[in-house]
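The values are calculated or read from the model by the stated rules, or taken from the named source; none is laboratory data. Every value quoted in this text rests on a predicted model; they were computed, and no experiment measured them. Note that each Cβ is placed from the backbone with ideal geometry, even for glycine, and that neighbours are counted across all protein chains shown.
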Amino acid sequence: MTKLILVPGLLCTKQLFEKQISALKYDYEIEVANTLGVNTILEMAQEIISKQNSNFVICGLSMGGYVAQMVAHLAPEKIIGMGLFSTSGRADTPEKKQQREALIELSKLGKFKGVTPRLLPSLLSAEALKNEALVQDVMDMAAQVGQTNFTLQQEAIIGRPDFRPFASTAKMPVEILVGALDQLTPPALAEELHSLFQDSHLTVLSGIGHLSSMEAPDDVTNTIKKLISRL
């Protein structure tokens, strides 16, 4: 049975992939990677690699996509396929680093619950923001991750390398997916990744924002299936 590792993004838990897990759990051996307790993408990736004794497919969303790319760079022999959802190959710009550092400082002032509502318009499309249950799920994930891990994850994202030089040497099949309305990692960044990998497909979802696995669960599930069918 194919092993599938799913890597959540910033402020996200396994709930990010709840619909995909429910749809795929009988066909694949699924594991959700830990992204808590460390403050580098490298450490997150090393933990994944250290736990695996066989080859696997890895799919990550946003920060999870950075982790997936790091895993593929460190242990290409273990990765038989990779899904990169709502993510980028680039390192943060100085401006983005400053924005993240400001959010970290705000969260430390006892205003952590105020961070998530502030981020919501960049996480979900305007249409998805009308879905109270979906918004509550996003809020619940953030509360579960908590301020300490929010800081660690932001530090990890700030310190990540530019993965684009690694992409051109990667030989595994890659599925790249992005929402057309994604403000955090716009389609242009997905198109750039698609141009760098030797064997990649690109899907752009009309009307969808950053948290694509929650806004368009069936599309993301089908993309994972397509990736595994290419192995």
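List of remarks:
- Set side by side, the residues A167, A142 differ, and just one is buried (at least 21 other Cβ atoms within 10 Å of the Cβ) and modelled with pLDDT under 95, which is A142.
- Scope region 51-87; condition of a type in the set (S, T, Y) and crowded, with 24+ Cβ neighbours inside 10 Å; matching residues: S62, Y66, S86, T87
- Qualifying residues in region 165-190 (those that are among the small types (G, A, S) and part of a loop (DSSP other than H, G, I, E, B)) - the one nearest to L84 (Cα to Cα): A170
- Those strands (runs of 3 or more DSSP E) lying entirely in region 1-116 with at least 2 residues in contact (Cβ under 8 Å) with a residue 40 or more places away in the chain and under 15 Å from the mean Cα position of the chain (by Cα): 3-7, 56-61, 79-85
- Check on Q153, within 17 Å of the chain's Cα centre (by Cα), at pLDDT 95 or above, in a helix (DSSP H, G or I) and closer than 24 Å to I41 by Cβ: yes
- Positions within region 10-19 being buried (at least 24 other Cβ atoms within 10 Å of the Cβ) and either over 20 Å from T87 (Cβ atoms) or out of contact with any Phe, Trp or Tyr (no Cβ under 9 Å at 6 or more places or on another chain) (or both), in sequence order: C12, L16, F17
- Tabulated pairs, region 183-203, first more than 18 Å from T223 (Cα to Cα), second of a type in the set (S, T, Y) and assigned to a helix (DSSP H, G or I), C-beta under 7 angstrom, 6+ apart or interchain: Q183/S122; L184/S122
- Screening E191 against (1) under 26 Å from V135 (Cα atoms); (2) modelled with pLDDT of 95 or more leaves a single unmet condition, (1).
- Within region 102-121, being modelled with pLDDT of 85 or more, surrounded by 14 or more Cβ atoms within 10 Å (Cβ to Cβ) and either in contact with a Ser or Thr (Cβ under 8 Å, 6 or more places away or on another chain) or farther than 24 Å from G209 by Cβ (or both) holds for I104, S107.
- D162 vs. criteria assigned to a helix (DSSP H, G or I) and among the acidic types (D, E): no
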